[in-house]
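Down below is the structure, laid out as structure tokens.
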Amino acid sequence: MHFGTMPKPGMIKIMAPKMNCLVAFCQALGQVLNVILIMTGVLGAMLPLQITMLLVYLYGFIHHCIKFIDDMKIAIYGRRFNQSFNGSIIQIFEMLKKNKIKFYIYRPFATFIKEKLAYEPACEGLFNHPADNWNDIDMVFSVGGDGTFLETVNMIKHKGIPILGINSGRLGFLSYVSREEIPIALEQVLKGEYTLEQRSLLEVNTEMDDFGDNNFALNEAALQKYVSASMIKINAFYNDELINTYWSDGLIVSTPTGSSAYSLSCGGPIVHPNSNNFVITPIAPHNLTVRPLVISDEGTITLKLEGIQKSAKLSLDYRSVHRTFLEEIVVKKADFSINLVKLFNNNYFSTLQKKLMWS
């Protein structure tokens, strides 16, 4: 099934306990509606136009429900995990198998599981990086921490495939499903009881095209000093207007999603994911009056290294390059977003309360 044909997540509320029975019921109901529509066409205007249109809509909706339930395909990407997660990963595979869901596993992850647990999941196949033919994948399970989630985003890129983050460790803002929540999380996914939250990304362009097609980040772009003994001098511009000249160990430009990551550890503010902003956060600035700045993501940020020290590291999430001389760095909002699967009726603030141990 192609992602573009999926019914809107959150619109389907499936309550039947067995998938096969539900599919059979939907198929029977679809056949009844099909017969009614055929009879309406043969006998002429037997039903009011509004009722006929409603039946057409219901028939199409049921058809999409059947495809969503019967043909759902899931890709599973993950890295190594500790022993405490052994039972949870087997639980994921067995629940998918029990509900006859086709799933594919990242090849190195499958190899790790086989060697560590002497267990071989009954998957449809394996995939490599970059992902092989993900046009038919309906959802991706990212098993690990937030770092694994960022790697998953890098694999999906602009495809728009929803991502569910399952946490195999401790703290995780993006991989928020804990091992205790796995059964209910999978149940809600299989019932279609979830919503999608769009998260914006940033795009970075350099004259050397350092990152190629992977010049985007969900969390942040960071320009940092490479030689530990000295600071670097960065001129930052917004739409060609000088913001400030930063003497510091570096500068972070984060998305709203990334405001709770590296930027937060450097004293930056937490920004709501739907705020349409960038956060510019200096890393250990020389002048303590230089504070983080929240700025609209509708404009373009340009960073220029100045002075003798021009050896620096440019990072996009977990990927980085080192340049002895860095040219202009242009940061702007990416022209695509990623879809984060939301479960349990939780919201951004409840996630902050839980992960940051607020009240």
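The values are calculated or read from the model by the stated rules, or taken from the named source; none is laboratory data. Every value quoted in this text rests on a predicted model; they were computed, and no experiment measured them. Glycine gets a Cβ as well: all are built from the backbone with ideal geometry, and neighbour counts include every protein chain shown.
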Select from region 237-255 the residues that are buried (at least 23 other Cβ atoms within 10 Å of the Cβ) and either touching a residue at least 60 places away in the same chain (Cβ under 8 Å) or within 26 Å of the chain's Cα centre (by Cα) (or both) and list them in ascending order. Gly250, Leu251, Ile252, Val253, Ser254, Thr255
May I ask you to list the residues in region 100-131 that are more than 25 Å from Asn214 (Cβ to Cβ) and surrounded by 16 or more Cβ atoms within 10 Å (Cβ to Cβ)? Ile101, Lys102, Phe103, Ile113, Pro121, Cys123
Looking for something among the charged types (D, E, K, R), surrounded by fewer than 16 Cβ atoms within 10 Å (Cβ to Cβ) and under 20 Å from the mean Cα position of the chain (by Cα) - is there at least one such residue anywhere in region 320-333? no
Restricting to strands (runs of 3 or more DSSP E) lying wholly in region 258-307: which have 3 or more residues that are closer than 22 Å to Tyr318 by Cα and either at pLDDT below 95 or touching a helix residue (DSSP H, G or I) at 6+ places or on another chain (Cβ under 9 Å) (or both)? 277-283
Run down Gly172, Gly165 and say which single residue is in contact with a Gly (Cβ under 8 Å, 6 or more places away or on another chain), outside the structural domain of Leu314 (by TED's automatic domain parsing) and either part of a strand (DSSP E or B) or within 19 Å of Glu298 (Cα to Cα) (or both). Gly165
